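The values are calculated or read from the model by the stated rules, or taken from the named source; none is laboratory data. Treat the numbers as computed from the prediction; the structure is a model and nothing was measured. Here the Cβ positions follow ideal geometry from the backbone for every residue, glycine too, while neighbour counts run over all protein chains shown. With ligands, DNA and RNA removed, areas are computed over all heavy atoms of the protein, side chains included. Shrake-Rupley method; radii C 1.70, N 1.55, O 1.52, S 1.80 Å.
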Amino acid sequence: MLNWMQKNRKALIPTIWISTIAFVGAGFVGWGAYSFKADSSSSVAKVGNTSITIREFQQKYNNIYNYLNSLSGGTMTSEQADKMNLDMVALSQIIQDTLKLNFANDLGIGANNEDVAKYLVSMPEFQIAGTFDEEIYKNALARIGVKPKDFESDLRKSVILDKLGHALNLSVSKEEIQALASAYFMQDRVKIDIKTLNFDDVNATDEEIKAFWEKQKDNYKTKTNYELESYLVKLDQDIDEDKIKKYWEDNKNLYLNSDDTLKTFEEAKEDVLKNYKLDITKKDANKAYIALKNGDLKTNEKLNIKEDDLDFPVNEIIGKNVNEFLKPFEYKDGYLVVKIAQINPPKTMDFEQAYEYAKNDYKDEKAKIELENLAKESLNSFDTNDKVKDLGYISRDSNITVDGLTEDETSYFINELFNTVGKTKGYIALNNKVVCYEITDQKLENPEKIAEYKESIKENISNLKNTELNQDLLNLLEKRYKIEQFYKGKSVE
């Protein structure tokens with residue numbers, strides 16, 4: 001195994017970097033307060049006889065956070081991480097790693113100091129002109145408060161995991177490559193007939209619509225409706241220009257052109273004026289909010305808002321309680337303070353209310369049936385139908401123009417055609433159309449194209465096989481080694 005690793009060191013090193021040194025240049029992120037059970041003051045979990053320390057957990061979290069942050073161009077925030085439950089993702093991943101480490105130990109797979117040293121000195125982060133520099137190594141770890149012995153312990157685990165991964169790696173056979181190449185590059189000779197149905201031509205009587213509605217009336221409900229008592233604090237219209245300029249000077253970095261250069265005052269003036277008015281008006285709105293809550297001020301307008309109202313910031317009122325005064329929020333030309341007077345939950349519509357919705361749904365359903373009937377009629381007379389078109393030989397990646405289909409429809413048809421297994425004749429629905437087809441012949445594309453994509457095909461097969469193997473292995477190991485999880489999730493103290 002060691003000989004293999006030495007021969008393939010260049011392929012192995014990136015895997016180890018991902019799990020052990022992703023945090024070296026980025027440092028630890030601030031991730032809030034976390035609560036742990038009293039079962040362990042220094043561990044977040046235990047797998048078999050192996051404890052997972054808080055430090056290892058934080059490092060795994062940090063690695064994932066910094067990776068996602070790099071993908072998002074440095075815009076990742078701790079709030080976003082919390083919404084993604086990134087702490088639990090990190091815990092799940094490190095538990096999986098520890099399951100494999102237990103298994104590797106049982107198999108006698110390990111890493112000695114020589115193994116660790118070989119990979120350590122190969123890491124470019126710790127090199128000058130291609131040579132390992134101990135001073136750079138120690139300084140890099142010192143910057144983020146990681147001890148060399150801890151870093152080398154983590155590296156040792158990564159080497160073991162990589163050894164295990166390569167030991168279990170399933171190879172790809174010629175037959176598998178040939179089979180997938182056939183699936184990718186098979187060409188079908190296809191004949192088609194396109195049938196179109198105009199939605200407006202579908203007849204629907206009131207009796208049919210009502211019968212349709214009766215069967216599923218509970219699907220037609222009104223929207224949640226909010227009755228609000230409101231008070232609007234409008235933006236101050238008379239603003240001294242010197243104050244606006246001062247506001248711009250203090251906040252000019254917020255006003256940028258598309259090329260990230262600063263806007264001049266004149267270029268930004270309209271936005272600056274609005275933002276300044278909002279800032280100073282918010283103080284008045286907060287005063288009004290307090291006065292309304294205390295009964296010193298009365299609301300002066302009633303609003304009736306549905307939960308899907310696009311002209312109102314409904315997120316401000318959803319989830320709030322009746323008789324609750326809500327803090328001021330931006331609305332139209334000022335700040336709005338509202339009291340929720342009543343919440344009217346959804347209720348089943350009567351037939352008159354549901355008529356248009358039920359009519360459209362019924363016509364959609366009827367249109368599908370009529371299109372299916374047209375398709376069956378076409379397929380029954382395919383051999384004698386003079387409207388049938390021969391597309392010639394096409395493959396999954398064919399880029400062709402088909403009369404009667406848009407570019408997107410053509411692409412969808414070809415994709416669905418090659419995803420349909422075992423059928424040489426049938427139809428594919430496209431909104432108000434069906435494409436009836438018959439496959440009359442098949443052949444492989446030229447060998448040169450298959451050879452061009454051989455490595456990509458091989459990689460896809462390997463990924464598929466080894467992903468399945470990895471998941472099966474983890475399922476087995478979860479039964480073999482007891483998992484005790486002390487950390488239950490983030491809590492803000």
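Taking other residues whose beta carbon is less than 9 angstrom from the beta carbon of Leu161, and scoring Lys, Arg as +1 and Asp, Glu as -1, yields +1. For Lys263, the lysines whose Cα falls under 26 Å of its own Cα, not counting residues fewer than eight places away in the same chain, are Lys243, Lys245, Lys246, Lys252, Lys274, Lys277, Lys282, Lys332. Roughly to the nearest percent, how much of the accessible area of the chain is carbon and sulfur, given a 1.4 Å probe? Summing carbon and sulfur atoms, their accessible area is 47 percent of the total for the chain.
For Lys298, a cut-off of 18 angstrom between C-alpha atoms picks up these aspartates and glutamates, skipping any fewer than 8 places away in its own chain: Glu227, Glu229, Asp284, Glu324. If you take the Cα centroid of region 100-141 and the Cα centroid of region 162-214, the two points sit 47 Å apart. Hey, with R₀ at 41 Å, roughly what FRET efficiency would Glu478 and Ala429 work out to, going by the Cβ-Cβ distance, to 0.05? Efficiency computed from Cβ-Cβ geometry: 0.45.
Summing Lys, Arg as +1 and Asp, Glu as -1, what charge do residues with Cβ under 9 Å from the Cβ of Val116 carry, Val116 excluded? Walk me through the numbers before you get to the answer.
Details: positive: Lys118, Arg156; negative: Glu114, Asp115, Glu152.
Around Val116, the charge tally is -1.
Compute the separation of the alpha-carbon centres of region 230-257 and region 358-431 and state it in Å as a whole number. With region 230-257 and region 358-431 each reduced to a Cα centre, they are spaced 58 Å. Total lysine pairs in region 92-193 at Cα distances under 16 Å, for residues eight or more apart or on different chains: 9. Model label sites at Gln471 and Ser258, defined 7 Å from Cα along the beta-carbon direction, differ in position by 4.4 nm. In this structure the chain gives 60 Å² per residue of accessible area when probed at 1.4 Å with all protein chains present. Of all lysines in the structure, those lying under 28 Å Cα to Cα from Lys359, and not within fewer than 8 positions of it along the same chain, are Lys195, Lys210, Lys215, Lys217, Lys221, Lys223, Lys306, Lys347, Lys368, Lys376, Lys433.
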